[in-house]
Amino acid sequence: MKIALRACMLAGVGAVAGASLMAQQAAVPPTHHWALVLHGGAGVIERATMDPKTEAAYRASIKQAADAAAKVLDSGGSSVDAVEAAIRIFEDDPLFNAGRGAVFTADGKNELDAAIMDGATLKAGAVAGVTRTRHPISLARAVMEKSPHVMLIGAGADAFAASVGLEQVDPSFFFTERRWQSLVRQLKKEGRPVPPRPAGAPPEPVSELAPMEPEGAHKYGTVGVVALDRQGNIAAGTSTGGTQAKRWGRVGDSPIIGAGTYASNRSCAVSATGTGEYFIRLTVAREVCALVEYKGMPLQAAADQVIHKELQALNGDGGVIAITPDGQMAWSFNTPGMYRARMREGGKLEIGVYNDEP
Ligand code: ASP
């Protein structure tokens with residue numbers, strides 16, 4: 001029995017059966033080694049035009065978020081806890097298009113979307129168009145755990161956040177000069193009206209900031225995390241400001257369960273980034289999981305099929321990160337780059353930016 005238990009503890013594939021066996025044993029060691037994959041958005045991110053300082057800053061930020069999730073998982077925390085912890089760090093980091101640092105809508109606002117899903121229970125929470133909640137990912141989690149609903153939008157979602165004690169901020173908290181100037185440049189280029197500088201924004205700098213990367217290079221910047229915990233449960237989360245200069249209350253794929261975010265212990269957990277309209281139409285996250293669940297495809301092959309065949313066929317652009325309960329990790333993208341990282345318990349954090357890295 002001891003040998004059988006040890007075998008199932010160390011197993012990758014087949015660990016789910018082991019988990020139910022061990023669920024009957026009291027105080028047995030954890031069944032799985034934890035694992036983690038993160039993304040910070042996909043786009044035209046190219047070595048030739050990337051300035052080394054910017055690249056180093058992105059890598060450092062990704063490491064910080066990964067470390068936060070690793071710490072949770074290392075102390076036996078759940079995959080949902082790990083996903084939330086890492087995304088909260090991304091949301092406070094102005095480099096990413098999530099929380100502080102989100103892109104602006106055409107009328108000069110930051111409207112934030114986020115979702116989280118627990119693969120063990122299929123519970124999910126999502127929010128769209130929030131403007132006052134500092135951590136949209138924590139609000140998505142609160143929707144999942146403290147409301148009878150799956151998705152809340154706009155002012156109602158912010159009101160719910162306040163009612164459960166989540167930090168509320170003035171909308172100008174999300175303002176960053178870099179994103180503002182990027183919006184202004186885009187609107188001018190397209191001959192669209194430029195809205196007034198938002199109330200509460202810091203005074204306009206005397207000279208224009210140099211864009212951190214070529215215009216349109218990092219068009220996305222959404223963040224996402226998928227994790228496997230030592231109990232063998234997986235979770236996914238995604239947070240974004242959506243697409244720059246969006247109008248009319250546009251909502252992308254990130255907060256749509258099955259499109260930009262999905263998790264089920266029966267298959268995999270996925271977080272996507274890219275032009276959300278394509279990801280919604282293909283229900284990309286669920287599609288990857290369906291290929292794993294019903295066709296028995298290895299995770300990487302499933303992710304590649306959806307991104308390089310199905311998304312490509314619609315001329316969609318972007319990528320996914322994914323993880324399975326048996327510890328397979330994958331990423332796939334059809335853009336020149338995607339900020340991404342992965343780590344397995346006891347292993348090293350691997351960070352990638354360009355498409356020529358492993
Ligand atoms: N998928 C997001 C959206 O369409 C954007 C992104 O990934 O950056 O809202």
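Residues that are open to solvent by less than 40 Å² (accessible area, probe 1.4 Å), within 12 Å of the ligand (Cβ to nearest atom) and in contact (Cβ under 8 Å) with a residue 12 or more places away in the chain are absent from the stretch 293-305 altogether. Within the stretch 262-275, residues that are without any contact (Cβ under 8 Å) to a residue 60 or more places away in the chain sit with their Cβ atoms under 6 Å from residues that are within 16 Å of the ligand (Cβ to nearest atom) and hydroxyl-bearing (Ser, Thr, Tyr), at 6+ positions apart or across chains, in these pairs: VAL270/TYR262. Restricting attention to the stretch 306-325, the residues that are of a type in the set (Val, Ile, Thr) and either touching a strand residue (DSSP E or B) at 6+ places or on another chain (Cβ under 6 Å) or free of Cβ contacts under 8 Å to residues at least 24 places away in the same chain (or both) add up to 4. Restricting the stretch 242-256 to residues that are near the ligand (Cβ under 8 Å from one of its atoms) and of a type in the set (S, T, N, Q), the residue that is surrounded by the fewest Cβ atoms within 10 Å (Cβ to Cβ) is THR243.
Exactly one residue out of THR131, THR105 is touching a helix residue (DSSP H, G or I) at 6+ places or on another chain (Cβ under 8 Å), of a type in the set (S, T, N, Q) and within 16 Å of the ligand (Cβ to nearest atom), and it is THR131.
Of all residues in the stretch 326-358, those satisfying the criterion of being small (Gly, Ala, Ser) and in contact with a strand residue (DSSP E or B) (Cβ under 7 Å, 6 or more places away or on another chain) are GLY327, ALA330, SER332, GLY337, ALA341, GLY352.
Against the list (1) open to solvent by 50 Å² or more (accessible area, probe 1.4 Å); (2) in a loop (DSSP other than H, G, I, E, B); (3) within 24 Å of GLY237 (Cβ to Cβ), the condition ASP356 fails is (3). Being at pLDDT 95 or above and buried (at least 24 other Cβ atoms within 10 Å of the Cβ) holds for only one residue in GLY119, GLY108, and it is GLY119.
Scanning the stretch 76-95 for residues that are more than 17 Å from VAL226 (Cα to Cα) and outside any helix (DSSP H, G or I) yields ASP93, PRO94, LEU95.
Of everything listed in (1) open to solvent by 10 Å² or more (accessible area, probe 1.4 Å); (2) of a type in the set (Gly, Ala, Ser); (3) more than 27 Å from PRO196 (Cβ to Cβ), the single unmet condition for ALA235 is (1). Pairs linking a residue in the stretch 174-198 that is farther than 12 Å from ASN110 by Cβ to a residue that is of a type in the set (Ser, Thr, Tyr), with Cβ atoms under 9 Å and 6 or more positions apart or on different chains, are PRO195/THR105. From the list MET343, MET338, the lone residue that is in contact with a Leu (Cβ under 7 Å, 6 or more places away or on another chain), under 22 Å from ILE45 (Cβ atoms), outside any loop (DSSP other than H, G, I, E, B) and not aromatic (Phe, Trp, Tyr) is MET343.
The values are calculated or read from the model by the stated rules, or taken from the named source; none is laboratory data. Every value quoted in this text rests on a predicted model; they were computed, and no experiment measured them. Neighbour counts are summed over all protein chains in view; Cβ atoms, including those assigned to glycine, are modelled from backbone coordinates with ideal geometry. Ligands, DNA and RNA are excluded from the accessible area calculation, which covers all protein heavy atoms including side chains. Shrake-Rupley method; radii C 1.70, N 1.55, O 1.52, S 1.80 Å.
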